[in-house]
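First comes the structure, then the notes that go with it.
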Amino acid sequence: MTIDWSWISDHTDDLTTLTVSHLQAALSAVLFGLLISLPLAVVAHRVRPLRGFLLGLSNVLFTIPSIAVFVLLLPVSGLTRTTTVIGLTIYTLVVLLRNTVEGLDSVPTKTKEAAKAMGTRPLRTLLTVEFPLALPVIMAGVRIATVMSISLVSVATYIGDGGLGQLFTDGFQRNFPTPVIVGVVLTLLLAVVADAALVAVQYALTPWTRRRA
Amino acid sequence: MYELFKNLGDWLTSGEQWAGPDGIATRLAEHLQYSLLATLIAAAIGLPLGLLIGHTGKGAFVAINLSSFGRALPTVGLVVLVFLASGLSMWPVYVALVALAVPAIVTNTYAGMTAVDPDVKDAARGQGMRGHQVLFQVELPLALPLIMTGLRLALIQVVATATIAAYVSFGGLGRYVFDGLAQRDLVQVMGGAVLVAVVAIALDLALSALQRVLFRHRTA
């Protein structure tokens, strides 16, 4: 199995387009996943009976195979980018929801009581006290969800999308390994770069965590 | 929409669909064979590795990074790559499924081992137990619930992913998904997808029931 380097230099434009489209699908999924799981996590954190139900539901969704999720969405949204993003979003939910609930749980009661005693309103306490303190745990979830989504985008190649995953189908159909190797390497690189970027974001957002050290 | 679900119901329940060499029963058996064998191989690799890392405390860096590497590795790409390298054999399927399952098993085994109370380990050593005795008689039993969780997680992912065996011309329930996609037969595609999901959920429930029976004396 040899790499055809000239194929790579001939296709840099295509590779850039696919990489951008790949990243776009993964990041949209994480963004929608956050938009859905942040409010749901607040509900699960405050209303105990709903907690088991919501976490259990996201666990069940996770057991459905990714290709099956995409396929089951076909009657709803067809062979489109929307299907890819909805499918990936469903997968991010299990990680994001669990981590956000755990993050909110980890905020010390005394801190919340102090905020209350100072006359801070509940919504303001949530936004300026609880979420920032829960951020390290939430960000750990965001990192896992992002890496997972980046790897899963390629499954959507079966429904005609899939970003870099298209290189796998292409290489398979033409019995030509180069695009497949390039696709795997670029996916891994994207995951590493995105993860490092998220670590940097977290570092910038939580200055108080490093004052102690 | 209603029509689709009615056809899907017919497809899943008709006798002729279940019988024969490409019937659901055969595909189901193939799917289970790929999944269980791959998970067994992965356990044979992952369990000793996780136990060793957890017991010695060496190589924790490997255990942690292996899990994110495993998450990042695109399975579809791996299958195609091994297929192109090895030709028509079962290698691509098993390599990809084992590669998917090993990180989940190693990291959960390692997590189970590190969660064992250090005082308990010290007490075991203080009683004169040797290294391997501490590992097999103290650490392993205490870490078992988390190890089981890792095996369950691995099996679910493997069952879901074994669908791709059909992509490189093998059997299993993925056959319906890929044949259906090629023939633009949505009912067949959805039938295959539903079956895979049902198998994954059923195995997960069965294992969690088994786990409850095995560890019922532990629950507080």
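The values are calculated or read from the model by the stated rules, or taken from the named source; none is laboratory data. No experiment lies behind these values; they were computed from the predicted model shown. Cβ placement follows ideal geometry from the backbone for every residue including glycine, while neighbour counts extend to all protein chains displayed.
Run down B:L195, B:L186 and say which single residue is at pLDDT below 90 and under 30 Å from B:D22 (Cβ atoms).
Working: B:L195 fails: at pLDDT below 90.
Matching residue, one of B:L195, B:L186: B:L186.
Among (1) touching a residue at least 40 places away in the same chain (Cβ under 8 Å); (2) surrounded by fewer than 20 Cβ atoms within 10 Å (Cβ to Cβ), which single condition is A:T100 missing?
(2)
For the list (1) more than 10 Å from chain B (Cβ to nearest Cβ); (2) touching a residue at least 12 places away in the same chain (Cβ under 8 Å); (3) surrounded by fewer than 18 Cβ atoms within 10 Å (Cβ to Cβ), I need the number of the one condition that A:A115 fails.
Result: A:A115 passes all but (3).
Would you pick out the residues in segment A:178-201 that are at the interface with another protein chain (Cβ under 9 Å from one of its Cβ atoms) and farther than 16 Å from B:R71 by Cα?
If the condition is that a residue be at the interface with another protein chain (Cβ under 9 Å from one of its Cβ atoms) and farther than 16 Å from B:R71 by Cα, then A:V180, A:I181 are the ones that fit.
Determine whether segment A:47-57 contains at least one residue that is touching a residue at least 60 places away in the same chain (Cβ under 8 Å), under 18 Å from the mean Cα position of the chain (by Cα) and farther than 30 Å from A:V180 by Cα.
no
Do we find that A:L152 is under 14 Å from A:A26 (Cα atoms), part of a helix (DSSP H, G or I) and away from chain B (no Cβ under 14 Å) in this structure?
When the stated conditions are applied, A:L152 does not pass them.
What is the number of the single condition among (1) modelled with pLDDT under 90; (2) under 22 Å from B:Q188 (Cβ atoms) that A:G87 does not meet?
Tallying (1) modelled with pLDDT under 90; (2) under 22 Å from B:Q188 (Cβ atoms), A:G87 fails exactly one: (1).
Out of curiosity, is A:D195 assigned to a helix (DSSP H, G or I) and acidic (D, E)?
When the stated conditions are applied, A:D195 passes them.
Against the definition (touching a residue at least 12 places away in the same chain (Cβ under 8 Å), within 16 Å of the chain's Cα centre (by Cα), within 13 Å of chain B (Cβ to nearest Cβ) and closer than 30 Å to B:V194 by Cα), how does A:I90 come out, yes or no?
So A:I90 passes the test.
So, A:V43, is that one of a type outside the set (D, E, K, R), without any contact (Cβ under 8 Å) to a residue 40 or more places away in the chain, part of a helix (DSSP H, G or I) and farther than 20 Å from B:T161 by Cβ or not?
yes
Quick test for you: out of B:L97, B:L51, B:L81, pick the one residue that is buried (at least 20 other Cβ atoms within 10 Å of the Cβ), at pLDDT 85 or above and over 23 Å from A:T157 (Cα atoms).
None of the other options fit; the residue is B:L51.
Return a yes/no flag: does segment B:140-150 have any residue that is closer than 19 Å to A:S66 by Cβ and at pLDDT below 90. Steps first, please.
Just the residues of segment B:140-150 that are closer than 19 Å to A:S66 by Cβ, to begin with: none.
For segment B:140-150, residues closer than 19 Å to A:S66 by Cβ and at pLDDT below 90: absent.
Which condition from (1) farther than 30 Å from A:T2 by Cα; (2) basic (K, R); (3) in contact (Cβ under 8 Å) with a residue 24 or more places away in the chain is the one that B:R71 breaks?
Single failed check for B:R71: (1).
Sort out for me the helices (runs of 4 or more DSSP H) sitting completely within segment B:41-128 that have 3 or more residues that are within 14 Å of another protein chain (Cβ to nearest Cβ) and under 22 Å from the mean Cα position of the chain (by Cα).
Answer list for segment B:41-128: B:60-72, B:75-86, B:91-114.
Restricting attention to segment B:54-103, report how many residues are closer than 16 Å to A:F168 by Cβ and hydrophobic (A, V, I, L, M, F, W, C).
Result for segment B:54-103: 16.
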